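Have a look at the structure below, then the notes.
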Amino acid sequence: MSHFFLNNFNTLVISWILVGLITFLFLVISKTRTPYGRHSENGWGLMINNSWAWFWMEFPALIVMPIISLLGPNELNSYSMILTFIWFAHYFNRVIIFPLRIKTKNKKMPISIAISAFFFNIFNGLFNGYYVGYIMNTQSALEPNVIIGIIIFLIGMFVNVSSDNKLISLRKDSVGYKIPHGGFFKYVSCPNYFGEIIEWFGYLIIAFSLPALSFVLWTGFNLIPRALNHHEWYKENFKNYPKNRKAVIPFII
Ligand code: NDP
């Protein structure tokens, strides 16, 4: 397994990026709305509890990357610890905190969506963990790319988490959907997705690796079509939806 991975690593990751690109083109061209959350619908197989789906589908990401990166033969140092720690911090929020906080009690998600995300997280965690634990050359944690990358990652995490918090708080006294206002919602319909893309771009600047590039591309491949779907949905459902708001990248898309 280890030799196969090492010898074919770049080919495997590039193939993985191509799978993401095909998924992206399919989602955009077919205008498929990935059927969870507001786009949830029957006809996609067995439905499961929404919060549990979030926990199980993201759980591999929380453990696969940190375990492989920490157990690999590469020496542990502050640089590899930074990569592993910020990954873990992001996924601790996504796997443990986020599912406990969302107010989607009676909502269900198709198990097919949860299974595909589960496998995505295994592969993504495997590639990124393997790189850190087995392939990466060490570098000082004080290099400019590390410091700049951490700052970008933290800004992205702030935008992501604060926007998710704002959305969750809209359900304080009533179920259903409202127009979100404030923060980055002034510029885009999905600042939580924008923040997530910035986070993994920051991770790419720190790691400077093919798997990190694959992850930020996959994040865009997943979240840009979904943000376009959300944006259309808001415009269809709210006549007074702010006209100058973009979908996900301020002033651009
Ligand atoms: P959404 O923005 O669709 O929803 C986030 C939460 O807020 C859900 O609980 C949703 O409820 C609720 N919500 C959304 N809009 C409103 C509104 N207008 N009024 C009231 N409640 C609202 O995000 P996702 O569920 O798609 O994603 C959650 C997080 O996971 C995000 O931070 C995202 O960045 C991340 N993610 C990352 C991916 C990656 O590839 N790295 C892929 C997918 C998600 P409901 O579910 O009922 O709609």
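The values are calculated or read from the model by the stated rules, or taken from the named source; none is laboratory data. Everything numeric here is computed off the predicted structure, so don't read it as measured data. When we count neighbours, we look across all protein chains shown, and the Cβ atoms used for this are built from the backbone with ideal geometry, even at glycine. Heads up: the accessible areas ignore ligands, DNA and RNA and are worked out on the full protein's heavy atoms, side chains in. Shrake-Rupley method; radii C 1.70, N 1.55, O 1.52, S 1.80 Å.
With protein chains left intact and a 1.4 Å probe, residues in the chain average 51 Å² of accessible area per residue.
Quantify, in whole percent, the carbon and sulfur part of the accessible surface of segment 98-253 (1.4 Å probe; protein heavy atoms only).
Numbers: 5100 of 7550 Å².
It is 68 percent, rounded to a whole number.
For the chain, the Cβ-based charge dipole about the Cα centre amounts to some 1340 debye (Lys, Arg positive; Asp, Glu negative; other atoms uncharged). Each peptide in 47-60, 94-107, 209-222 gets a packing score, the mean of other Cβ atoms within 10 Å over its residues, and the list from highest to lowest is 209-222, 47-60, 94-107. Counting protein heavy atoms only, segment 1-93 has 72 percent of its accessible area on carbon and sulfur, 1.4 angstrom probe.
So which lysines pass the test for LYS246, namely a Cα distance under 16 Å, with those fewer than 8 places away in the same chain ruled out? Cα-Cα hits under 16 Å: LYS186, LYS235. Take each uninterrupted DSSP H stretch in the chain, measure its Cα extent along the helix axis, and return the ones at 15 Å or beyond whose mean Kyte-Doolittle hydropathy is at least 0.5. Counting only whole DSSP H runs, the qualifying helices are 2-30, 50-71, 78-92, 111-130, 144-169, 191-207. Once you have a ≥ b ≥ c as the square roots of the Cα gyration tensor eigenvalues for the chain, tell me rounded if a/c is under 1.5, and otherwise prolate or oblate according to whether a/b is larger than b/c. Prolate shape, in that a/c is at least 1.5 and a/b is the bigger ratio. Charged side chains reduced to their Cβ positions (Lys and Arg at +1, Asp and Glu at -1) give segment 165-237 a dipole of some 240 debye around its Cα centre. Pull up the cross-link candidates among the lysines for LYS107, meaning alpha carbon to alpha carbon under 18 Å and not fewer than 8 places away within one chain. Within reach: LYS172, LYS178.
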